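The values are calculated or read from the model by the stated rules, or taken from the named source; none is laboratory data. Only a predicted model underlies this, so the values are computations on that prediction, with no experimental measurement involved. Here the Cβ positions follow ideal geometry from the backbone for every residue, glycine too, while neighbour counts run over all protein chains shown. For the accessible areas, the whole protein counts, side chains as well, though only heavy atoms, and no ligand, DNA or RNA atoms are used. Shrake-Rupley method; radii C 1.70, N 1.55, O 1.52, S 1.80 Å.
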Amino acid sequence: MSNDVLVVAEIRDGALKKISLEMLGEGRNIADQLGGDVQAVALGHGVADVATTLAHYGAQKIFVADDPSLENYTAEGYTNVLANLVKQTRPALVLLGATTAGKDLAPRLAARLAVGLASDCTGFAVQDGEVLMTRPIYAGKAIATIKEAGRPYMATIRPNIFAAPEADTSRAAEVENIPADAGEIRAKVLEMIMEAGERVELTEADIVVSGGRGLKAPEHFALIEELADVLGAAVGASRATVDAGWKDHSYQVGQTGKVVTPTLYIACGISGAIQHLAGMKTSKYIVAVNKDPEAPIFKVADYGIVGDLFKVVPVLAEEFKKMKAEG
Ligand SMILES: Cc1cc2nc3c(=O)[nH]c(=O)nc-3n(C[C@H](O)[C@H](O)[C@H](O)COP(=O)(O)OP(=O)(O)OC[C@H]3O[C@@H](n4cnc5c(N)ncnc54)[C@H](O)[C@@H]3O)c2cc1C
């Protein structure tokens, strides 16, 4: 068993997702403390350029599995390739993103390897050669420190928690092509449908503007979208609006939706139920717009505006527009 940390890079449309860089940064910290290297594995088709970028961001060794059968993510195919790699290279820790694909892949890979998995981690420490992982539990009400029973340790990392390292284009790394043996894939990807008009991926966005039942009708999400457009933000939604069919589930923030950690989260007409907070409480700055001064969202908000969102949100959009115009 080595002391290396293996980062499973996440790739979309041939480019690395931001979480891959964040994992390399934290992976490097952990590997330094363990006395090992940070390595990365890229799966896909035509991913040679990605290997170069991984090296720029600090990967010391890169494994590439390049095959048409891996072009689209499938849990079965990716698990087969990764399980073989981990069995052969025996890293100390395997890191994946706590993204939609990572949440699907990591448990299957952990089960295949018969190891534990700490999901949605927000912190790591190394003590006496062992990796301790911290993660929020009970919808963010408590923080657990987890020590897995045996190596390789496995964890998924919450996006936007760790800083991506600076790129150094002079860095090069050893690249090893590994067998892209996806095995039998029983689920076939027939079509990928990208959401129309999606600005920024919700879990990766630096700013998120979310709407709740206070919007009163689906068409009023236009207010949220306008503010999001001005800020270059992603749009989120509470479950009440998703359940009402105003927004697709992919917009839902919370315990049964997506977990976001943007620099700025603006909640408009959202009461702040514990299940919603579970998805956004770790945002760096929270702004709440709600007409009820007793709304629980104000307990977690850094800035609160008590008022009618139909008046406040257009003013915010207008003021931000002016600020941007003034540079
Ligand atoms: C197992 C489980 C899982 C759940 N998972 C999630 C989840 O993942 N995400 C999630 O969001 N919820 C989740 N919920 C639901 C959650 O408990 C709440 O019901 C939901 O978050 C409420 O959504 P809301 O804040 O939009 O609506 P409400 O609670 O109805 O709040 C609407 C808010 O809008 C304000 N308002 C009304 N009019 C205006 C106005 N004109 N201007 C300003 N403010 C106004 C009101 O004061 C109120 O605070 C879950 C529940 C369960 C039981």
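May I ask you to say which residue of 316, 309 is open to solvent by less than 20 Å² (accessible area, probe 1.4 Å), out of contact with any Asp or Glu (no Cβ under 7 Å at 6 or more places or on another chain), over 30 Å from residue 15 (Cα atoms) and not assigned by TED's automatic domain parsing to the domain that holds residue 98? On inspection, the qualifying residue turns out to be 309.
This table checks each residue for (1) modelled with pLDDT of 95 or more; (2) open to solvent by less than 10 Å² (accessible area, probe 1.4 Å); (3) closer than 30 Å to residue 254 by Cα.
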site: 74; (1), (2), (3): no, no, yes
site: 80; (1), (2), (3): yes, no, no
site: 89; (1), (2), (3): yes, no, no
site: 109; (1), (2), (3): yes, yes, yes
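Contact map, the range 136-162: residues that are more than 30 Å from residue 88 (Cβ to Cβ) paired with residues that are in a strand (DSSP E or B) and open to solvent by 50 Å² or more (accessible area, probe 1.4 Å), Cβ distance under 9 Å, separation 6+ or inter-chain. Pairs shown: 136/143; 137/143; 143/135; 144/135; 145/135.
Looking only at the range 4-28, count every residue that is free of Cβ contacts under 8 Å to residues at least 60 places away in the same chain, open to solvent by 30 Å² or more (accessible area, probe 1.4 Å) and on the phi < 0 side of the Ramachandran plot and tell me the total. Spell out the reasoning first.
Filtering the range 4-28 for residues free of Cβ contacts under 8 Å to residues at least 60 places away in the same chain gives 9, 11-16.
From the residues that got through so far, the ones that are open to solvent by 30 Å² or more (accessible area, probe 1.4 Å) too are 11-16.
This time we only want the ones that are on the phi < 0 side of the Ramachandran plot, so: 11-12, 15-16.
The number of residues fulfilling the criteria is 4.
Quick check, is residue 289 in contact with a strand residue (DSSP E or B) (Cβ under 8 Å, 6 or more places away or on another chain) and either within 9 Å of the ligand (Cβ to nearest atom) or modelled with pLDDT of 95 or more (or both)? For residue 289, the condition - in contact with a strand residue (DSSP E or B) (Cβ under 8 Å, 6 or more places away or on another chain) and either within 9 Å of the ligand (Cβ to nearest atom) or modelled with pLDDT of 95 or more (or both) - is met. For the range 61-99, a residue qualifies if it is in contact with a Ser or Thr (Cβ under 8 Å, 6 or more places away or on another chain) and part of a helix (DSSP H, G or I), and the qualifying residues are 77, 89.
Among the residues of the range 261-282, those that are assigned to a loop (DSSP other than H, G, I, E, B) and buried (at least 24 other Cβ atoms within 10 Å of the Cβ) comprise 262, 269, 270, 279, 280. Residue 230 meets the conditions (1) more than 8 Å from the ligand (Cβ to nearest atom); (2) crowded, with 16+ Cβ neighbours inside 10 Å; (3) within 26 Å of residue 139 (Cα to Cα) in every case but one. The failed one is (3).
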